[in-house]
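Take a look at the structure below.
Please treat every number below as a calculation from the coordinates, not as lab data. In this text the structure is predicted, and so the values were computed from the model without any measurement. Cβ coordinates were reconstructed from backbone atoms using ideal geometry, including for glycine residues, and neighbour counts include every protein chain displayed.
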């Protein structure tokens, strides 16, 4: 058995979260529920506007893959992370946060850019809208990586956001290629509809050989497949992935393979923040896959975990809460 159950690859970003009104998004002309990339100057001005009108919650180490790996690690999986932060205050905050729960990494790097940050604006209906400055995380090169992390992993999980940067995209292709030669299972998240629309060909190039696990929500699936029809979406996604998980908010999720399609019901929740819900779902699923549970059981727990995640502010739960929730899940199922 390899030392690392799940190795995440993604943009290392410090999240700065605000509870806002929808009118604020209208004033700054940002589409609700999307993720937009921006330069540091723009983000600084947006941060000032947010700080003037709204109270910021506690900073958190984020990035889609990091949130997923945090969940899997908290549930008992041995995890690693490949990303890049600067040798600055945010960078050390990020690295220490991973090391607290035993996530292996070598992410501190020298460079002119600062650690990446993400402004997360949470609307009254719990929808999250993000403005992201990738900073040094966009400059992830293969020379930054400890290749032993790849060699020692059972599953590699890559977030789709990586395709928006040339260095990250090229590095990710090499990680996938090396992983396959080491018999590592490859899993990918499509991450965001805007990413899919802008970089579909890059995402497809990751999956010229069908990957083992694909994670997406319905909006991302529709964008990737350029279809609204579930059967068409299924056929299209099965050409690039062996096992597919499509989340559908409070409605639950679909598990799709060539042999079956299974609808997983959602769990009731009083949602206040959907930020990180898909990441928690993936973390719960990957943890149980690493423990050789069925795809259906993994997806059901992923839905349960996400339903609890949306009831709190931020992309994560407290570390100790993950195993408590798994124990509660086992009791009711």
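Shape of the range 57-142 from its Cα gyration tensor (a ≥ b ≥ c, root eigenvalues): rounded if a/c is under 1.5, otherwise prolate when a/b > b/c, or oblate?
In terms of gyration-tensor shape, oblate.
Where both residues lie in the range 213-289, what percent of DSSP beta bridges are antiparallel, nearest 5?
Bridges in the range 213-289 that DSSP calls antiparallel: roughly 65 percent.
Calculate the all-directions average of the projected area of the range 242-303's alpha-carbon convex hull, and give it in nm².
4.1
First check a/c for the chain, with a ≥ b ≥ c the square roots of the eigenvalues of its C-alpha gyration tensor; if it is under 1.5, answer rounded, and if not, answer prolate when a/b is larger than b/c or oblate otherwise.
Judged from the Cα gyration tensor, the chain comes out rounded (a/c under 1.5).
Among 263-272, 219-228, how do they line up by average Cβ neighbours within 10 Å per residue, starting with the highest?
Top to bottom by mean Cβ count within 10 Å: 219-228, 263-272.
Can you put 19, 288 in order of Cβ neighbours within 10 angstrom, beginning with the fewest?
19, 288
Rounded to the nearest 0.05, what FRET efficiency do residue 320 and residue 291 have when you use their Cβ-Cβ distance and R0 = 22 Å?
Between residue 320 and residue 291 the formula returns 0.70.
Which of 250, 131 comes first, and how do the rest follow, when ranked by fewest Cβ neighbours within 10 Å?
By the 10 Å Cβ count, ascending: 250, 131.
Report, for the chain, the % of DSSP beta bridges that are antiparallel, rounded to 5.
Taking every DSSP beta bridge within the chain, about 35 percent pair in antiparallel fashion.
Share of antiparallel DSSP beta bridges in the range 78-213, in percent to the nearest 5?
40
Given a 10 angstrom Cα cut-off, can you work out which residue in 300, 318, 16 is the most mobile in a GNM of the chain?
Comparing 300, 318, 16 in a Gaussian network model of the chain, the most mobile one is 318.
Mean residue ellipticity at 222 nm from the helices of the chain, using -39,500 (n - 2.57) per DSSP H segment of n ≥ 4 over the full residue count, to the nearest 500 deg cm²/dmol?
Rounded to the nearest 500, the figure is -13000 deg cm²/dmol.
In what order do 53, 92 fall by count of nearby beta-carbon atoms within 10 Å, going from fewest to most?
53, 92
Please report the relative contact order for the chain, taking Cα pairs under 8 Å with a sequence separation of at least 6, and give it as a percent rounded to a whole number.
It comes to 19 percent, rounded to a whole number.
For the range 60-191, what is the relative contact order in percent, using Cα pairs closer than 8 Å and at least 6 residues apart in sequence?
Reported as a whole number, the value is 20 percent.
Under the rule a/c < 1.5 gives rounded, and otherwise a/b versus b/c splits prolate from oblate, where does the range 145-197 land using the Cα gyration tensor?
Cα axes put the range 145-197 in the prolate bin.
Can you tell me the relative contact order of the range 159-277? Whole percent, Cα pairs under 8 Å, sequence separation 6 or more.
Dividing the mean separation by the residue count of the range 159-277 yields 18 percent.
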